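What follows is one structure encoded as structure tokens, with my remarks underneath.
Every read-out reported here was derived from the displayed coordinates using simple, explicitly stated rules and does not represent laboratory data. Predicted model, so just to flag it, every value in this text is computed and none were measured. Don't worry about glycine lacking a Cβ; one is built from the backbone with ideal geometry, like all the others, and counts go over all protein chains shown.
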Amino acid sequence: MPSLRELLGFGKSEGANNLVILNGYPLAIVVAISLHILLLGGLVYLQSSSQSQALELIQPTVIKALLIEENPQITNQRNQDNRRLEAKRKETERVNAAAQKKREEQAAERKRQEEAAQKREQQRVAKQRADARVKAEREKTLAEEERKKREAEKRREEQAQRERESRQQREREDAQDGAAAEAASSEFELIQSATGLIQQLVTENWSRPPSARNGMRAIIQIKMLPTGELVDVIITQSSGDPAFDRSAENAVYRAAPFAELTALPIRVFNQNFRTLSLIFQPEDLLN
């Protein structure tokens, strides 16, 4: 059977100076060793007491707990490695944090620049729209002024045209008045000439009766054609002396026809000579 020393992990070749490192669990190790000893003792007792039964004793697997003292240099090296790993981890975290902060700052800067660019673009668009409005208002004002100017010029031209037309109308009217006056003068002269001619012819053909006296008055109305021929002779006012009245009628018949009337315009003839009244008075119709 293995001895207690062997169970505790001390070999013959390890030397007397080896130290047992229980790693903080001495009671558990002692209890485990005691249980193994009791188990082995029970098995030996059962084998010796039972001669008739052949029991095959199965040698249990011995669990050896080796307590090995770790080399301080290795521990220090491991600790240093751990510290270096921790420092490296922290440095990595710091670098990552710095990179993350830088990325965030860059993102914030890009956002700020984008917002600034967007704001500048909005300001540019607003200024462009404002300039467009100002330009449109200016063009509208200029167009309105031009329209008013054209309207004023049109009114002046219309006024000038009206004045020209009015002046031309006055000139035409003056010309027409002059022509009318000239025509009237000529027409009056024609009427006077024709009337005088008829009176002269009638006077030349009138023979006053012996009964004629001053103050007698007879009015004879004669109707004629444009050729000067008589249509009718009517006494519209008698002198009171039949002989005097008949002498007046006879004078008209003897003087007719009045061929000179054919030279008169028809309008003048119709207005003045189609019906004509002649006054016979002794003091006016002297031979």
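Brief remarks on what is shown
- Highest average packing first - 83-90, 270-277, Cβ atoms within 10 Å: 270-277, 83-90
- For Glu229, the amide hydrogen comes within under 5 Å of the amide hydrogens of Phe258, counting only partners 5 or more places away or on other chains and with H modelled in the peptide plane.
- GluC sites (Glu not before Pro) lying in DSSP loop within the stretch 243-287, provided at most 16 other Cβ fall within 10 Å: Glu283
- Cross-link partners for Lys119 among the lysines, with Cα-Cα distance under 19 Å and sequence neighbours closer than 8 places in the same chain left out: Lys111, Lys127.
- At 1.567 mPa s and 4 °C, Stokes D of the stretch 78-132 from Kirkwood alpha-carbon radius, µm² per second: 89 µm²/s
- In a fully extended conformation the segment linking Lys119 and Arg274 would gain 45.3 nm over its present Cα-Cα distance, using 0.36 nm per residue.
- Phi to ³J(HN,Hα) by Karplus 6.51 cos²θ - 1.76 cosθ + 1.60 over the stretch 125-142, Hz, x for Gly, Pro: 5, 5, 5, 4, 5, 4, 4, 5, 5, 4, 5, 4, 5, 5, 5, 5, 5, 5
- Sites Leu39 and Arg84 - FRET efficiency at Förster radius 45 Å, r taken between beta-carbons, to 0.05: 0.40
- Scaled against 2.2 N^0.38 Å for its residue count N, the alpha carbon radius of gyration of the stretch 205-280 is 1.17.
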